[in-house]
Amino acid sequence: MDEELSFDIDQRILDTISQEFDVNKLVENFAKIIENKERKEIEDIAKKVFRDYGRNLMTRAIELGEKYPDRTYKVVKEVAEKTGVGPLPHVCQRFLEIFNMGTQQNVLKIVVGTGSQLTHRVGPCMFLNAIRQKCGEDVAKLLTCKHIDLSALETLYKNLNLSVDVRMETSIPSEGYCQFTTVRKT
């Protein structure tokens, strides 16, 4: 008989992500590094620091999601394989949920989820709030935290061997949320 699986993401995954990828530690470290730096230097440092963080976080989210699969993930994966639809959007969405819930402690907001497009929203943002708090409004306005999401998405789709275009369509300062769209290349 199969073991009973919950439909919810395993709490061990979220606890591990939260511990290993502490947002406050990331931003405290970033704040120290950029102290007394010029805008251009701050942007370059942020790009490196936040890209590495996003890439490592998504890699870990995928690893943990595979190690501790829940019923939802097993069903989504099975349907994707049986129908030939592939991992976009549902398998991708599951790893984005782990990424988002482990750091943002928010449910992922899906705007569009089809076999050719996945659009999701983030807001409020723990990363931006921490940057604003520890680095000030001028640094927060640079939206350097976008590199976390963009590199995480790049890592996710590369891991799943998907040829896609990823873009950031809106940002919290202008719309109150950041929105990212992934479109399958034809």
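A few remarks follow.
- Hey, Thr119 touching an Asp or Glu at 6+ places or on another chain (Cβ under 8 Å), surrounded by 13 or more Cβ atoms within 10 Å (Cβ to Cβ) and in a loop (DSSP other than H, G, I, E, B) or not: no
- Single residue of the stretch 78-116 satisfying the filter (among the basic types (Lys, Arg) and out of contact with any Lys or Arg (no Cβ under 6 Å at 6 or more places or on another chain)) that is surrounded by the most Cβ atoms within 10 Å (Cβ to Cβ): Arg94
- So Thr186, is it among the hydroxyl-bearing types (Ser, Thr, Tyr), more than 21 Å from Asp52 (Cα to Cα) and more than 14 Å from the chain's Cα centre (by Cα): yes
- Answer residue from the stretch 98-144, given it is in contact with a strand residue (DSSP E or B) (Cβ under 9 Å, 6 or more places away or on another chain) and closer than 14 Å to Asn24 by Cα and is modelled with the lowest pLDDT among those: Gln104
- Unique residue being of a type in the set (A, V, I, L, M) and assigned to a loop (DSSP other than H, G, I, E, B) when the list is Leu162, Leu128, Leu156: Leu162
- Considering residues of the stretch 156-185 that are touching a residue at least 24 places away in the same chain (Cβ under 8 Å), within 19 Å of Ala80 (Cβ to Cβ) and of a type outside the set (D, E, K, R) only, the residue surrounded by the most Cβ atoms within 10 Å (Cβ to Cβ): Leu156
- Qualifying residue in the stretch 47-60 (condition: out of contact with any Leu (no Cβ under 6 Å at 6 or more places or on another chain), charged (D, E, K, R), surrounded by fewer than 22 Cβ atoms within 10 Å (Cβ to Cβ) and not in a helix (DSSP H, G or I)): no
- Search result, residues across the stretch 74-93 that are part of a helix (DSSP H, G or I) and in contact (Cβ under 8 Å) with a residue 60 or more places away in the chain: Lys74, Val91, Cys92
- In the stretch 29-47 there is at least one residue matching the filter, namely being of a type outside the set (Gly, Ala, Ser), at pLDDT 95 or above and under 16 Å from the mean Cα position of the chain (by Cα).
- Of all the criteria given as (1) surrounded by 14 or more Cβ atoms within 10 Å (Cβ to Cβ); (2) closer than 17 Å to Ser151 by Cβ, the one not satisfied by Ile34 is (2).
The values are calculated or read from the model by the stated rules, or taken from the named source; none is laboratory data. Given the structure is predicted, the values throughout are model-derived calculations rather than measurements. Glycine also receives a Cβ, built like all others from the backbone with ideal geometry; neighbour counts cover every protein chain displayed.
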